[in-house]
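Engineer: Pasting a structure below so you can have a look.
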């Protein structure tokens, strides 16, 4: 089996587009949450989201016609472009290689479907835009990546809700390690929408102004959006072309609670962590940082912290949530978490959990890296991703040496 | 009748990837519920559409579809736990139930951690998600949506519900592949089993008939001069390692010898797409260790639109010639996006099930989507002429 390394990073987020900007924002603990602009939030009690206001797809994609692709596909293709540029690989060489993409998502192009729903109410279903109807397929996220970069290999859109990016990273890692592909772009994308904002509100999972994971007074998520892409290749390939190696993918673990559609299960999440460690060949004691799923809902954080203690014991490694800054970017979340972890590995820092004020006595052993980034030697990072349907996926990343 | 050892052994080749065995499946399509309904429709070469004009209050683009008009999940799974299922979840769950009933795989408490689900879709239940949006537009207050229905609006609902029902704690993945979904699912499943993450998977696709999907088919077909009726249903296959199945002395219904996919510019005058599908098909045969003249049938995508069907036929002819029989499954089951790919595979297996003379025959599935995705799979199938599974 080949070793698999990450040589390119492409974040498109509310706190920064591109690895340098994203990394700086993580170090500074920037808050990317702002009043909702992409839909009319009149009548909603809560109206904040982690939108990427600065996203201009025309400035990022070169081959796709932006009128023909939905916002989420354009997040995916733009992130992929950034990752390829960061990897410094020749585009022609890439296009001629065995290369593909796997992208995760929760809602796919559901904001396109939402627009069509609105159009149908307004002017009737007989007068919809056929081009827009075609954009609804979520398969287009990964196909957009392939079409933008002329990749002729796999295009897989994993729609396993909020852990989907970790699924996508895991699959890309396998395709490269088994020799099935030479280069893979993996990550995820999602867009803020009215329907999901309403759904999370009615589920009681939404918070009003700020997401405060692991805080005693945490009260829920803020929906967010963006795209994440990581460029993966074999170690031999990276060495041969003299690429800068950001980090190594050590392995991953995936399991299912098989218990409840929306309530996470502590023992199953702990089992997933152990599975990820075993598959990656690491001991819990070797993990320096956990990039939490950390949604900021009372239940999720309680269960996640509990599972961490079950697996790591009395002195778990620091665990922080980028969702405090980004909001919950859904299918992009663990991809953006993976990029944050890679930047932590290369830059020797831990991204903070912002909006943190009151320790929770129910989770005394948790170090949430409160409010400010911290200098630290990160050799091994664990990226957590949990989802509706009980879908847990955890990716282990390591410093290349 | 028992297939001979010669029929069962795939040709050895250094490029042969892990073969997946299918040891049972369940299918619900417009042709009916169950394997026999699909086999009968294939044999007849025809399956009528149903009158769907009474199914929904919303306007529909046409009165007919290859839909299961009278399908009610409670008739199959009872009322308990099913009352909030949407149609996609219901169809998928019944296909899972049928697949379990059809396989000789033993599911016990010890094996549940090593069993999972990989389910293909296009965008989940577009109706569930769209209804959620509509409620935010038409309710007195925009947030007065039903929280109990929220999981339905998320794409991985069916797979999650199936895991809960059957207690499957292994990998649970949903893949939005549209037309390519079944081939995506097979490649993904092969990786999971080949890399040792799982021993057995329920692998399939689902697509529901709804006003939203009917209009999606209408606009897509109209844009490219097609007349296919919408379809719906699900097909779910129990997949395992072929080598492991044989080592246990069990007999597969089919082997998936190779699956290759790619993305190219959509079918057009430049021929890029035809070359791309040609390459996928040739690659699949090579990796399966199969010669073109060994292929007896091709279950084509048959998207019903000249631009796509001409590109597909050109690629198939370039690799296999005009010889192998073409099975246009969509003529029987309608345009059901992701489920269509699953119906292609189910149709090949349904034919094998009732025709022992075809034991060991090799078939090919070709698939293509409007956005340039293409793929092919090589399948070897067997009957169960002795009436049992093993």
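The values are calculated or read from the model by the stated rules, or taken from the named source; none is laboratory data. Quick caveat, the model's predicted, so the values are computed rather than measured. Neighbour counts are summed over all protein chains in view; Cβ atoms, including those assigned to glycine, are modelled from backbone coordinates with ideal geometry.
Engineer: Any chance the stretch A:284-298 includes a residue that's surrounded by 19 or more Cβ atoms within 10 Å (Cβ to Cβ) and without any contact (Cβ under 8 Å) to a residue 40 or more places away in the chain?
Structural biologist: no
Engineer: Let me ask something else. Regarding residue A:350, is this residue under 30 Å from residue A:263 (Cβ atoms), at pLDDT 95 or above and more than 14 Å from chain B (Cβ to nearest Cβ)?
Structural biologist: Yes: the conditions hold for residue A:350.
Engineer: If I ask for residues that are surrounded by fewer than 20 Cβ atoms within 10 Å (Cβ to Cβ) and assigned to a loop (DSSP other than H, G, I, E, B), which ones from the stretch B:104-113 would you list?
Structural biologist: Of everything in the stretch B:104-113, those that are surrounded by fewer than 20 Cβ atoms within 10 Å (Cβ to Cβ) and assigned to a loop (DSSP other than H, G, I, E, B) turn out to be B:104, B:106, B:107, B:108, B:109, B:110, B:111.
Engineer: Further question: On the given criteria, is residue B:234 touching a strand residue (DSSP E or B) at 6+ places or on another chain (Cβ under 6 Å), under 24 Å from residue B:281 (Cβ atoms), touching a residue at least 60 places away in the same chain (Cβ under 8 Å) and crowded, with 18+ Cβ neighbours inside 10 Å?
Structural biologist: Criteria not met by residue B:234.
Engineer: Now for a separate question. Tell me, yes or no, whether the stretch B:171-182 has at least one residue that is modelled with pLDDT of 95 or more, crowded, with 23+ Cβ neighbours inside 10 Å, in a loop (DSSP other than H, G, I, E, B) and within 7 Å of chain A (Cβ to nearest Cβ). If you could, list the steps in order and put the result at the bottom.
Structural biologist: Quick first cut of the stretch B:171-182, residues modelled with pLDDT of 95 or more only: B:171-182.
Now narrow it down to the ones that are crowded, with 23+ Cβ neighbours inside 10 Å: B:171-182.
With in a loop (DSSP other than H, G, I, E, B) added as a condition, the list becomes B:171, B:177.
Imposing the further condition that a residue be within 7 Å of chain A (Cβ to nearest Cβ) reduces the set to B:171, B:177.
Within the stretch B:171-182 (the criterion being modelled with pLDDT of 95 or more, crowded, with 23+ Cβ neighbours inside 10 Å, in a loop (DSSP other than H, G, I, E, B) and within 7 Å of chain A (Cβ to nearest Cβ)), the answer is yes, since at least one residue qualifies.
Engineer: Additional query: Take the conditions more than 7 Å from chain B (Cβ to nearest Cβ), modelled with pLDDT of 95 or more and touching a strand residue (DSSP E or B) at 6+ places or on another chain (Cβ under 8 Å) and apply them to residue A:145. Does it pass?
Structural biologist: Yes; evaluated as a whole, the condition is true for this residue.
Engineer: Would you tally the residues in the stretch B:155-170 being within 7 Å of chain A (Cβ to nearest Cβ) and either part of a loop (DSSP other than H, G, I, E, B) or touching a strand residue (DSSP E or B) at 6+ places or on another chain (Cβ under 6 Å) (or both)?
Structural biologist: 8
Engineer: For residues that are over 16 Å from residue B:294 (Cβ atoms) and buried (at least 24 other Cβ atoms within 10 Å of the Cβ), tally how many sit in the stretch B:339-365.
Structural biologist: The total comes to 11.
Engineer: Sticking with this one: Which residues, taken from the stretch A:130-142, are assigned to a helix (DSSP H, G or I), facing chain B (nearest Cβ under 7 Å) and buried (at least 24 other Cβ atoms within 10 Å of the Cβ)? Don't jump to the end; show me each part of the working.
Structural biologist: Of the stretch A:130-142, the ones assigned to a helix (DSSP H, G or I) are A:130-134, A:140-142.
If we keep only those that are facing chain B (nearest Cβ under 7 Å) as well, we get A:130, A:133-134, A:140.
Scanning the stretch A:130-142 gives a single hit, A:140.
Engineer: In addition: Please state which of the following conditions residue A:223 fails to meet, knowing it meets all the rest: (1) within 30 Å of residue B:189 (Cα to Cα); (2) touching a residue at least 12 places away in the same chain (Cβ under 8 Å).
Structural biologist: All conditions are met except number (1).
Residue-wise test of (1) touching a strand residue (DSSP E or B) at 6+ places or on another chain (Cβ under 6 Å); (2) part of a strand (DSSP E or B); (3) touching a residue at least 24 places away in the same chain (Cβ under 8 Å); (4) farther than 30 Å from residue B:187 by Cβ.
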position	(1), (2), (3), (4)
B:22	yes, yes, yes, no
B:41	no, no, yes, no
B:48	no, no, no, yes
B:54	no, no, no, yes
B:61	no, no, yes, yes
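Engineer: Quick one: in the stretch B:114-137, of everything that is assigned to a helix (DSSP H, G or I) and at the interface with chain A (Cβ under 7 Å from one of its Cβ atoms), which residue is farthest from residue B:26 (Cα to Cα)?
Structural biologist: Restricting to residues being assigned to a helix (DSSP H, G or I) and at the interface with chain A (Cβ under 7 Å from one of its Cβ atoms), the top hit is B:137.
Engineer: If you don't mind, another one. Inspect all residues belonging to the stretch A:168-187 and state whether any of them is farther than 21 Å from residue B:262 by Cα and more than 9 Å from chain B (Cβ to nearest Cβ). So that I can check it myself, show each step before the final result.
Structural biologist: To start, the set of residues in the stretch A:168-187 that are farther than 21 Å from residue B:262 by Cα comprises none.
The answer is no, given that none of the residues of the stretch A:168-187 is farther than 21 Å from residue B:262 by Cα and more than 9 Å from chain B (Cβ to nearest Cβ).
Engineer: Any chance you could count how many residues in the stretch A:154-167 are within 19 Å of the chain's Cα centre (by Cα) and either facing another protein chain (nearest Cβ under 7 Å) or assigned to a loop (DSSP other than H, G, I, E, B) (or both)?
Structural biologist: Looking only at the stretch A:154-167, we keep the residues that are within 19 Å of the chain's Cα centre (by Cα), and these are A:155-167.
From what is left, the residues that are either facing another protein chain (nearest Cβ under 7 Å) or assigned to a loop (DSSP other than H, G, I, E, B) (or both) are A:155-161, A:167.
Matching residues across the stretch A:154-167 total 8.
Engineer: For the stretch A:52-64, does any single residue satisfy the condition of being within 14 Å of chain B (Cβ to nearest Cβ), surrounded by 19 or more Cβ atoms within 10 Å (Cβ to Cβ) and at pLDDT 95 or above?
Structural biologist: yes
Engineer: Still on this structure: Could you please find all residues in the stretch B:284-312 being farther than 23 Å from residue A:139 by Cβ, part of a helix (DSSP H, G or I) and without any contact (Cβ under 8 Å) to a residue 60 or more places away in the chain?
Structural biologist: Once the filter is applied, which keeps residues that are farther than 23 Å from residue A:139 by Cβ, part of a helix (DSSP H, G or I) and without any contact (Cβ under 8 Å) to a residue 60 or more places away in the chain, the stretch B:284-312 yields B:292, B:293.
Engineer: For the stretch B:147-154, check the following and say yes or no: at least one residue is modelled with pLDDT under 95, part of a loop (DSSP other than H, G, I, E, B), facing another protein chain (nearest Cβ under 9 Å) and surrounded by 22 or more Cβ atoms within 10 Å (Cβ to Cβ).
Structural biologist: yes
Engineer: Inside the stretch A:381-401, can you point out the residues that are touching a strand residue (DSSP E or B) at 6+ places or on another chain (Cβ under 7 Å) and within 14 Å of chain B (Cβ to nearest Cβ)?
Structural biologist: First, pick out the residues of the stretch A:381-401 that are touching a strand residue (DSSP E or B) at 6+ places or on another chain (Cβ under 7 Å): A:381-386, A:389-400.
Listed by number, the residues that qualify are A:385, A:386, A:389, A:390, A:391, A:392, A:393, A:394, A:395.
Engineer: Could you please find all residues in the stretch A:270-306 being assigned to a helix (DSSP H, G or I), away from every other protein chain (no Cβ under 14 Å) and touching a helix residue (DSSP H, G or I) at 6+ places or on another chain (Cβ under 7 Å)? Lay out the reasoning, then the answer.
Structural biologist: Narrowing the stretch A:270-306 to residues assigned to a helix (DSSP H, G or I): A:270-280, A:284-286, A:298-306.
Still in the list and also away from every other protein chain (no Cβ under 14 Å): A:273, A:277, A:284-286, A:298-306.
Result: A:273, A:277, A:284, A:303, A:304, A:306.
Engineer: May I pose another question? Give A:115, A:127 a once-over and let me know the one that is under 18 Å from residue A:197 (Cα atoms) and more than 8 Å from every other protein chain (Cβ to nearest Cβ).
Structural biologist: Checking each option against the conditions leaves just A:115.
Engineer: Here are B:95, B:101: which of them is outside any loop (DSSP other than H, G, I, E, B), closer than 22 Å to residue B:334 by Cβ and either at pLDDT 95 or above or over 21 Å from the mean Cα position of the chain (by Cα) (or both)?
Structural biologist: Answer to the selection: B:95.
Engineer: Against the condition farther than 29 Å from residue B:170 by Cα, facing chain B (nearest Cβ under 8 Å) and surrounded by 24 or more Cβ atoms within 10 Å (Cβ to Cβ), how does residue A:109 come out, does it pass?
Structural biologist: For residue A:109, the condition - farther than 29 Å from residue B:170 by Cα, facing chain B (nearest Cβ under 8 Å) and surrounded by 24 or more Cβ atoms within 10 Å (Cβ to Cβ) - is not met.
Engineer: Which ones in the stretch A:30-64 are on the phi > 0 side of the Ramachandran plot and in contact with a strand residue (DSSP E or B) (Cβ under 9 Å, 6 or more places away or on another chain)?
Structural biologist: None; the set is empty.
Engineer: Something else about it: Taking the stated definitions as given, is residue A:102 touching a residue at least 12 places away in the same chain (Cβ under 8 Å) and at negative phi?
Structural biologist: yes
Engineer: Looking at the structure I just gave you, is residue A:151 surrounded by fewer than 24 Cβ atoms within 10 Å (Cβ to Cβ) and within 9 Å of another protein chain (Cβ to nearest Cβ)?
Structural biologist: No, not satisfied.
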